[in-house]
Structures are given as C-alpha cells and as structure tokens.
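Taking it in order: structure first as structure tokens, then the write-up.
The values are calculated or read from the model by the stated rules, or taken from the named source; none is laboratory data. This one's a predicted model, so the numbers in the text were calculated from it and none came from an experiment. Cβ placement follows ideal geometry from the backbone for every residue including glycine, while neighbour counts extend to all protein chains displayed. With ligands, DNA and RNA removed, areas are computed over all heavy atoms of the protein, side chains included. Shrake-Rupley method; radii C 1.70, N 1.55, O 1.52, S 1.80 Å.
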Amino acid sequence: MHSLKRYNSFGIDALANELLPIKSEADLLNADFSQPYRILGGGTNVLLLKSVYDRIFLNQLQGIQIVNETEDDVTVHVASGENWHEFVMWTVAHKFSGIENLSLIPGTVGAAPVQNIGAYGVELKNVLQSVEGYHLPEKLKVKFNNSECQFSYRSSIFKTTLKNSFFITGINLLLSKKQIPKLEYGSIKEILDKNGISKPSILDVSNAVISIRQSKLPDPKIIGNAGSFFKNSSIPLKQFEVIKSKFPTIPAYPDDLGMVKLSSGWLIEQCGWKGKQLNNAASYEKQALVLINLGHASGQDILNLAQKIQEDVYLKFGLKLEPEVNFWD
Ligand code: EPU
C-alpha cells in the first residue's frame with residue numbers, strides 16, 4: 001500500500017495498492033492497461049474520494065526539445081511529466097514568449113491540455129500546436145492538432161470523450177521569439193506600473209503574475225488545495241439582467257461566445273462562505289473560489305463543503321456552479 005498524500009495537492013491521505021512510474025515510452029508500452037487503472041500527473045486538479053485505489057500510473061516522462069525554429073518563432077516539444085512552472089521558467093529564460101502569463105500554475109505539462117489551463121488573459125490553446133500520446137488500452141500512437149483537441153474554457157477532448165483512455169506523452173507549442181507581453185488582465189499592468197516598468201519583458205510579466213498568484217492563492221505545499229474548485233459560469237444576457245436587477249453590484253464580463261461571464265468567487269463570497277470552514281475544509285480567506293484542506297480533510301470533507309456552497313449559490317442566485325476539479329470516485 002502506498003500513501004497518495006504527497007501525490008495530490010489537496011494532501012488527501014488516500015492509498016493505492018500499486019504506484020507504477022512511467023519514465024519512458026518503453027515503460028508505457030510494457031505496462032498493462034487491460035486492468036482498471038488511473039493516470040496521475042502532478043495531482044493538482046483531482047479530488048480523491050475513495051480511501052483505496054487499485055493501480056495508479058505516475059507520469060514521469062521528461063525532456064524539452066526545440067523541434068523547429070524560424071526567425072520569428074520556435075516550436076518546442078515538452079514531455080508530459082515535466083513540471084509546468086519549471087517549463088515556463090525555461091521558456092522565459094530562452095526569451096520565447098507565449099506562456100509567461102501561465103507562470104506558477106501547479107501541475108505537470110500533461111495536465112495542461114486536459115484542462116486547457118488559463119490565467120491572466122492567456123489559455124494554453126493560444127500556443128498549442130499538437131498533443132501526442134497513446135490511445136489506451138490498444139496503445140495506438142496518436143497526434144491531435146489544435147482543433148482536434150476541442151479546446152474550450154477549462155476543457156478538451158481529453159477531459160470528455162477520451163477521459164481515462166488517452167495517455168498524453170508530450171505537447172508541441174509554438175512560441176514567439178519576439179517578446180510580445182500580454183497585459184490585458186488589469187492587475188498585471190497595475191503591478192508593472194507600480195514598479196515603474198513601462199516596457200516590460202516577458203520576465204517582468206512572469207514576475208508580475210507570480211506576485212499576483214502568491215498574494216491571492218495558497219501554496220499547495222503549505223495549504224492543501226487545487227486552485228479554483230469551480231469554473232466561472234457564462235450565462236445568457238437575459239438571465240444576467242434578471243440577476244443584476246436583484247444584485248446591482250455583481251461583477252460581469254462579456255465572453256467570446258456572446259454570453260456574460262460571472263465570477264464564481266464573488267458569488268461564493270456573497271453567500272458568506274469566504275474564509276468559512278465546514279469540518280476540515282474551508283473556502284480560502286483571500287479567494288473564495290479556492291477550497292482548502294485545513295489539515296486532515298478527507299476527499300468527502302472537501303466534497304461536503306463544495307456541495308453546501310453549490311446549494312447556497314443556487315438558492316441565492318439560481319446558478320449551478322460546475323466543478324473544475326476532477327473527482328476520482
Ligand atoms: N472575486 C470576489 N471574491 C473572491 C474571488 C474573486 O469577489 O473571493 C471576484 C472579484 O470581482 C475579482 C474577480 O472575481 O475581481 C476575479 O477574480 P480573480 O482575478 O482571482 O480570478 P477568478 O475568475 O476568480 C480565474 C481562474 C484562475 C486564474 C484567474 C486569473 C477560473 C475558474 N479560475 O479565477 O485559475 O488564476 O482567473 O486569470 O477560471 C485555476 O483554474 O485553478 C485558477 C486559479
């Protein structure tokens with residue numbers, strides 16, 4: 001039996017009968033996927049709800065290579081078991097721009113396309129060329145181009161149709177050699193202005209993102225969490241107008257599909273949950289959307305809190321919050 005505590009950022013103390021590292025494609029080809037299994041990357045977006053799991057494959061594939069280079073841009077192949085933030089630091093050090101706004105997101109490279117990770121005005125789909133991996137259990141090698149990945153807000157084909165049946169081995173990203181900082185997200189510009197930086201490099205942007213994240217989001221090494229627990233919701237304009245007539249200060253943003261995007265953190269805060277605990281779980285005091293493990297929470301403790309929050313948000317606003325975290329039940 002192996003404890004999974006250090007393999008999931010919530011720090012839930014579930015167990016696994018077998019923990020099987022995958023360090024190379026040969027390991028993958030030799031592995032037995034005919035029996036029930038799960039694949040774990042950084043464990044930063046999962047909620048472990050069972051007390052014992054059977055077989056867990058740990059993705060430890062490593063390697064970063066430049067596979068194509070022109071005067072303006074570069075294609076980089078990165079193996080799925082690499083740590084995401086360390087890879088971002090590698091791109092910033094090489095002055096390849098595109099993912100600096102995604103600095104300090106916990107987890108592995110392989111989880112990035114599953115979730116279509118996003119922060120501070122950038123989503124992975126903006127720079128992703130292709131995803132490579134094996135369709136399990138036949139172990140058929142497949143490459144998906146960007147549109148085949150069916151990316152949407154915090155989702156992709158790997159989280160839907162191919163859930164649990166595809167092992168991502170690596171991704172190819174198209175990054176720019178021209179430093180084009182993306183500053184649309186207000187607070188990045190604010191920090192840069194405050195520090196007197198008028199012509200920011202991508203290193204400056206990365207540093208600004210790191211300081212915003214550190215000021216609002218708990219470090220999973222210290223406080224167990226999985227980042228935003230719920231997605232933000234997009235609703236039709238008509239429904240928004242009804243809500244706004246009752247709650248005039250509600251923050252809202254147009255989204256690219258002609259809907260209105262609401263901040264789930266704000267909705268949760270309005271229900272009085274920000275910083276509040278239920279048994280061993282709580283909503284984080286600086287960002288209500290982040291649920292935290294207060295010490296010895298079980299997966300069920302976190303789920304109970306999440307369900308209570310969902311109920312209260314539904315009662316007050318008539319909106320169903322959808323989890324962003326994957327439930328391992
Ligand atoms: N807000 C509150 N109370 C809160 C939290 C947020 O009122 O407790 C409101 C405020 O109006 C604030 C707005 O929500 O201005 C936006 O908050 P924030 O900038 O923290 O972003 P978010 O919408 O809550 C999303 C992502 C984060 C990402 C940030 C920055 C989702 C589900 N979450 O959060 O991603 O870092 O934007 O781009 O889309 C993650 O996915 O794990 C994650 C951390």
- Item | Condition met for residue 206 (at pLDDT 95 or above and either outside the structural domain of residue 292 (by TED's automatic domain parsing) or in contact with a Phe, Trp or Tyr (Cβ under 9 Å, 6 or more places away or on another chain) (or both)) | yes
- Unmet criterion (only one of (1) outside any strand (DSSP E or B); (2) more than 13 Å from the ligand (Cβ to nearest atom); (3) more than 30 Å from residue 31 (Cβ to Cβ); (4) open to solvent by less than 90 Å² (accessible area, probe 1.4 Å)) for residue 158: (3)
- Could you run through the range 1-42 and say how many residues are in a strand (DSSP E or B) and aliphatic (A, V, I, L, M)? 7
- Task: Would you check which residues across the range 60-97 are within 19 Å of residue 181 (Cα to Cα), open to solvent by 50 Å² or more (accessible area, probe 1.4 Å) and either assigned by TED's automatic domain parsing to the domain that holds residue 43 or assigned to a helix (DSSP H, G or I) (or both) and list them?
- Result: 89, 90, 93
- Give the residue, chosen from 318, 295, that is of a type outside the set (A, V, I, L, M, F, W, C) and free of Cβ contacts under 8 Å to residues at least 40 places away in the same chain. 295
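Has the range 119-134 got any residue that is more than 12 Å from the ligand (Cβ to nearest atom), in a loop (DSSP other than H, G, I, E, B), open to solvent by less than 70 Å² (accessible area, probe 1.4 Å) and farther than 23 Å from residue 57 by Cβ?
Of the range 119-134, the ones more than 12 Å from the ligand (Cβ to nearest atom) are 125-134.
Now restrict to residues that are in a loop (DSSP other than H, G, I, E, B): 127.
Among the residues that remain, those that are also open to solvent by less than 70 Å² (accessible area, probe 1.4 Å) are: 127.
Of the ones still in play, those that are also farther than 23 Å from residue 57 by Cβ are 127.
Yes.
Counting just the residues of the range 274-329 that are of a type in the set (Lys, Arg) and exposed (fewer than 14 other Cβ atoms within 10 Å of the Cβ), which one comes out farthest from residue 51 (Cα to Cα)? Even if it seems obvious, please write down each step before you answer.
Residues of the range 274-329 that are of a type in the set (Lys, Arg), as a first pass: 274, 276, 286, 308, 316, 320.
Filter again for exposed (fewer than 14 other Cβ atoms within 10 Å of the Cβ), leaving 286, 320.
Numbers: 286: 30, 320: 28 Å.
Out of the qualifying residues, it is 286.
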- Of the conditions (1) buried (at least 17 other Cβ atoms within 10 Å of the Cβ); (2) part of a strand (DSSP E or B), the single one that residue 142 does not satisfy is (1)
- Query: How many residues does the range 181-218 contain that are more than 15 Å from the ligand (Cβ to nearest atom), hydrophobic (A, V, I, L, M, F, W, C) and either open to solvent by 50 Å² or more (accessible area, probe 1.4 Å) or not in a loop (DSSP other than H, G, I, E, B) (or both)?
  - Reply: 3
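This table checks each residue for (1) within 16 Å of the ligand (Cβ to nearest atom); (2) of a type in the set (A, V, I, L, M); (3) farther than 20 Å from residue 88 by Cα.
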{"position": "144", "(1), (2), (3)": "no, no, yes"}
{"position": "149", "(1), (2), (3)": "no, no, yes"}
{"position": "153", "(1), (2), (3)": "yes, no, yes"}
{"position": "164", "(1), (2), (3)": "no, no, yes"}
{"position": "167", "(1), (2), (3)": "no, no, yes"}
{"position": "176", "(1), (2), (3)": "no, no, no"}
{"position": "220", "(1), (2), (3)": "yes, no, no"}
- Query: Among helices (runs of 4 or more DSSP H) lying entirely in the range 233-326, which contain 3 or more residues that are away from the ligand (no atom under 11 Å from the Cβ)?
  - Reply: 237-246, 299-317
- Message: Within the range 104-112, does at least one residue satisfy the condition of being open to solvent by less than 40 Å² (accessible area, probe 1.4 Å), on the phi > 0 side of the Ramachandran plot and either in contact with a Gly (Cβ under 8 Å, 6 or more places away or on another chain) or not in a strand (DSSP E or B) (or both)?
- Response: yes
